[in-house]
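The values are calculated or read from the model by the stated rules, or taken from the named source; none is laboratory data. All figures in this text were calculated on a predicted structure; none of them were measured in a lab. In this analysis, Cβ positions are derived from the backbone assuming ideal geometry, glycine residues included, and neighbour counts consider all displayed protein chains.
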Amino acid sequence: MGNDPLKTGARVRIRALMPPGHVRAPAYLRGKSGSIERAIAPFKNPEQLAYDLPAQEHMLYRVRFRAAELWGAEAEHPDDMIEAEIYAHWIEAMEQSDAA
Amino acid sequence: MPHDHHDHLSPSGHPYRADDDTALSYWQSMEIAVRELLLEKSITTPAEIAAQIDAMDARSPANGAALVARAWCDPDFKERLLKDGSAASRELGFDVGPMLLIAVENTANIHNIIVCTLCSCYPRNLLGLPPDWYKSRAYRSRTVKEPRKVLSEFGVALPEGTHIRVHDSTADMRYVVIPARPNGTDKMSESELAKLVTRDSMIGTGLPKTVSA
């Protein structure tokens, strides 16, 4: 991803990685797609801060997910929204053609 | 109460709770050791530690309620609060610390609810210490998956067609819900309105108190 922050409404997918450590991207959102609700600000990476390592700054975003995307048929209401804060290095921008 | 269980109940009818007789954990020992060193080296004092504990315990949802009441009375303030929650809180003298505050507004068809699935992030400077249930595994895991069921267990009945927005406080933001102003409160003062704003209404697990017509 370039240095330009993603814009509100951009379609994104959360990386489906399962690394050990102090990870702030909740497992239930990994591999799921949503849209950028807003770019907040750059913050130092807690995955490095937690171990007293030199920490890089990453843009922190709020990402919005539909309940149906997260829970499929088990969702109480498909159009309810779940919003969470996700650091840029966990986010993949989706091509328009992916964003069905 | 069942006859064969009476040995396990106190005279007041509550079950006895086992004494907390387990050994100190590594981190508990570490905390005591560091605290005693800081005292021995006169870096802090027992009075300072007690004062800090008192200050933490003294924080209450009153600050958050004042913030919401101001937002109900002053549309310009509400706009600033929604745009930059930290700066708007500081206008009222409430510093939210290094975290940033995001205020989310309940409307006629949107209901917001806050959870921290990873731990127990909570806007303590506005709401005081979090309730025990906020930190429970049940609340943290269920709220993102079945928020409507959780809300119904809190006694919150929402109109048909309400959209739910769950905010998972996963990183550096803290959240406060601005509940919808109850009907029939047009003539109330800001301080009267603040009394209607409950802690749970600012987490999203409740609604403000209503006034009888």
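Numbers at a glance
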quantity	calculated
Among residues of the range A:5-15, those that are modelled with pLDDT under 95 and under 17 Å from B:Leu118 (Cα atoms), counted	0
Filter result (touching a residue at least 24 places away in the same chain (Cβ under 8 Å) and either polar (S, T, N, Q) or within 8 Å of chain B (Cβ to nearest Cβ) (or both)) within the range A:51-81	A:Leu60, A:Arg62, A:Leu70
Segments classed as helices (runs of 4 or more DSSP H), wholly inside the range B:24-88, with at least 1 members that are outside the structural domain of B:Thr185 (by TED's automatic domain parsing), of a type in the set (Asp, Glu) and without any contact (Cβ under 8 Å) to a residue 12 or more places away in the chain	B:26-40, B:46-58
Test: residue in the range B:34-42 that is surrounded by 13 or more Cβ atoms within 10 Å (Cβ to Cβ), over 25 Å from the mean Cα position of the chain (by Cα) and of a type outside the set (A, V, I, L, M)	yes
Hits in the range A:15-40 - residues which are surrounded by fewer than 19 Cβ atoms within 10 Å (Cβ to Cβ), touching a strand residue (DSSP E or B) at 6+ places or on another chain (Cβ under 6 Å) and facing another protein chain (nearest Cβ under 10 Å)	A:Arg38, A:Ile40
